[in-house]
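J.: Let me begin by handing over the structure; questions about it come next.
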Amino acid sequence: MDANFVKAKLIEVLQTVQSLSGEDCPAIDGGTKPAEALPKFTSKVWPVAAGMLGIALGKSIPCEANIFVDDDTKVPLAINQTVALVLKILEEQEAQETEEVCAE
């Protein structure tokens, strides 16, 4: 999957989440950290946004995957970092699916 496609869908999802929340949405680019830059974009909203992104991509992003904050350092991730993480998650899922098919 193309990083630019994932990035565009992620930005669309974040804009939709902010709109549905009745919040303003500042300009979002690759360096934007949604957890810091978007009003009321909190840990309660992150799983919903991740699920919406999964739907937009036609893939499944596990609900336990925090794609907006680094699990180890607890530092908010920028859009470009989130895109890289999502691509990694999707690649791991595809590899696992391939292994399961080959094992059958």
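J.: Between helix 79-103 and the chain, what is the angle of the helix's C-alpha long axis to the longest principal axis, kept within 0 to 90° and rounded to the nearest 10?
T.: Helix 79-103 and the main axis of the chain meet at about 20 degrees.
J.: Could you list which residues have their amide H under 5 Å from that of V69, counting only those 5 or more apart in sequence or on another chain, with H placed in the peptide plane?
T.: Here the answer is L77, since their amide H atoms fall under 5 Å of that of V69.
J.: So what J values fall out for the range 40-57 if you push phi through Karplus, 6.51 cos²θ - 1.76 cosθ + 1.60 with θ = phi - 60°, rounded to Hz, Gly and Pro as x?
T.: Working through the residues one at a time gives 6, 8, 10, 4, 6, 8, 3, x, 5, 5, 5, x, 5, 5, x, 4, 4, 8 Hz.
J.: Count the lysine pairs in the chain whose Cα atoms sit under 18 Å apart, keeping only pairs 8 or more residues apart in sequence or on different chains.
T.: 11
J.: Another question, if that's okay. Roughly what would the spin-label model give for A27 and D72, points 7 Å off Cα along C-beta, in nm?
T.: 3.4 nm
J.: Let me ask something else about it. Under 8 Å for C-alpha pairs, at least 6 residues apart: give me the relative contact order for the chain, rounded to a whole percent. If you can, show how the numbers build up before the last one.
T.: Numbers: 100 pairs, mean separation 30.3, N = 104.
Across the chain, relative contact order equals 29 percent.
Only the coordinates and a few stated rules stand behind these numbers; no lab work does. Bear in mind that the values here come from a model prediction, so they are computed numbers and not experimental data. In this analysis, Cβ positions are derived from the backbone assuming ideal geometry, glycine residues included, and neighbour counts consider all displayed protein chains.
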